[in-house]
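The values are calculated or read from the model by the stated rules, or taken from the named source; none is laboratory data. Since we're looking at a predicted model, the values are computed, not measured. Every residue, glycine as well, gets a Cβ built from its backbone with ideal geometry; the counts of neighbours run over all protein chains shown. Note: accessible area is taken over every heavy atom of the protein model, side chains too, but ligands, DNA and RNA are not part of it. Shrake-Rupley method; radii C 1.70, N 1.55, O 1.52, S 1.80 Å.
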Amino acid sequence: VNGAEALIRTLVSGGVDTCFMNPGTSEIHFVAALDRVSGMRGIPCLFEGVASGAADGYARMAGKPACTLFHLGPGLSNALANLHNAYRAHVPLVNIAGDHATYHRRFDAPLTSDIEAIVRPYSAFVRTPQNASEVSQACADAIAAAHSGRGQIATLILPADAAWSETGEPNAPVGVAKLSLPDASAWDEAAALLRNGAPTALLLGPHLIQGEALVMAGRIAAATGAKLLAPFAFGRMQRGVGLPAVERIPYVTADAIVKLAGLKQIILIGAGVPAAFFAHPDRPSLLLPQDCKVHELARVHDDCEGALEALADALGARQTPFAKASYVKTAAPHGAITLQGLAEAVAATLPEQAIVIDESITSGRGMMAATQSAVPHDWLVNTGGSIGIGLPLAVGAAVACPERPVLCLEADGSALYTLQALWTAAREKLRITTIVFANRAYAILKGELAALGDNPGPRALEMLDIGRPDIDFVALSKALGIPATRATTLDELVAALHRGLESGAPNLIEVPL
Ligand SMILES: Cc1ncc(C[n+]2csc(CCOP(=O)(O)OP(=O)(O)O)c2C)c(N)n1
């Protein structure tokens, strides 16, 4: 076998069987190996940011890493914005970039760059095997690193000669480290705080707003009266009927401060001290009241679930019934489009076990409230503030969960960073319904500009308009292979959502605002 085949075999035997890729010449041996090694599904993406965002969405839903394949430093650089989001989502990801053959680098051919330096800020692990015989072990170590803690980005840089040279049968075993529990004093102190009667919140990090951990948090909340909070940026939240409700800290600093006002104690479980998205000259960076005591029960890469269970035991809350959201059927809205009406249309049509990808920015502020008591579903949002994640996340989530409908709520400006994701969704026949909220503006930034106080000038305002020329998302979608329609009333939107979500195929709805 050559190094590329050894790599793919090691990936597949380590459970990594999906590769979102945009390859070039230096990765062509990896591509060729797809026909010689079975078990790896290659998914072509037309821009690297689609591949990195899809790998993030895949990992959030599959709970295991996909791999990516990028073309040297430039391909990797195109992937970085969504690698940033994946890094912030604490997902496992095996990130592979090709490089020139080891002996070719010194000739400074045009694509030469310092690949390790480009990717290091987002990678918990970076390894460049120097020859084919090092590839399998490097890959096994990368998979282990991707799985360690909560999930991390492990980058493998594969020189072309390490890919094409012959080597022995790959047999590197993948070892996975266990998560460590914090010291018992951490939950004893948390239990004492929860018993003292002061207004308290649990701030739940990634992986605690889903599954058993979410239920356990609900039991603790029911036993103690504590509030359940999630940061504004989270990877995946399970919600809807039957589950404990978790409140999301709002994006707008003033709203976040109001939400947290009155808290005397906060217990961090895999989450950091809540901070504003941006600093502002006359607002605080930290959102908690000044007299709020902060206790860290566990850090994100600890065994947070174990710590939560230990805390429940310390409180005698293991079996306490938790408060469940009860089902509320939302009536289908009618008439002219309003933001509240959009949220109701989503709540009224959301199918059971839908995966909602929310990059709706200003058009979707009412969506989570409207769907709190809907049928059970998952909610995925932007974790790193780098827009252009929604359409790729939808691709990754749909690949991970082909039997579940995916609803992608996408603002028009954000959609245009990674629109090529629609082509991958069409090619793979993914079950994604995308709504594009076409307000023809960077509306959130218009709000920021207005908040500066002086009347915004026309030249400044023009920078935030994306309606000149008008962008036709129906035509763009059709051009990329996805049937599309335009909904100009709530009735049309509800009908299009029913049709689209039931079609089992990709489709897109443009909603002009
Ligand atoms: C990669 C990246 N580039 C630029 C920004 C800055 N930015 C934040 S929001 C925004 C515009 C959002 O517009 P749109 O997606 O249409 O949503 P709207 O505000 O209109 O609801 C921009 C450019 C960013 N967050 N990430």
Quiz item: How high is the relative contact order of the chain, in percent, with contacts defined as C-alpha pairs under 8 Å that are six or more residues apart?
Solution: 14
Quiz prompt | Of LYS259/LYS293; LYS64/LYS478; LYS259/LYS446; LYS329/LYS429; LYS227/LYS264, pairs whose Cα-Cα distance is over 22 Å | solution = LYS64/LYS478; LYS259/LYS446; LYS329/LYS429
Quiz item: With the Cα gyration tensor of the chain giving a ≥ b ≥ c as the square roots of its eigenvalues, does the rule (a/c under 1.5 for rounded; else a/b larger than b/c for prolate; else oblate) give rounded, prolate or oblate?
Solution: oblate
Self-check item: Of all DSSP beta bridges in the chain, antiparallel share, percent nearest 5
Solution: 10
Quiz item: Which translational diffusion coefficient, to the nearest whole µm²/s, is obtained for region 118-235 from the Stokes-Einstein equation, given a Kirkwood hydrodynamic radius over C-alpha pairs, 20 °C and 1.002 mPa s?
Solution: 120
Quiz item: Based on the alpha-carbon gyration tensor of region 163-215 and its eigenvalue square roots a ≥ b ≥ c, which shape applies: rounded if a/c is under 1.5, prolate if not and a/b is larger than b/c, or oblate?
Solution: prolate
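Only helical DSSP H runs with n ≥ 4 go in: add -39500 (n - 2.57) per run for the chain, normalise by residue count and round the 222 nm mean residue ellipticity to 500 deg cm²/dmol.
After summing the helix terms and dividing by residue count, I get -10500 deg cm²/dmol.
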Quiz item: To the nearest 10 Å², what's THR434's accessible area with a 1.4 Å probe?
Solution: 10
Quiz prompt | Exposed GluC sites (Glu not before Pro) absent: longest stretch of the chain, with sites in DSSP loops and at most 15 other Cβ within 10 Å deemed exposed | solution = 1-351
Quiz item: Quick one: net charge of VAL126's neighbours, Cβ under 9 Å, K/R +1, D/E -1?
Solution: +1
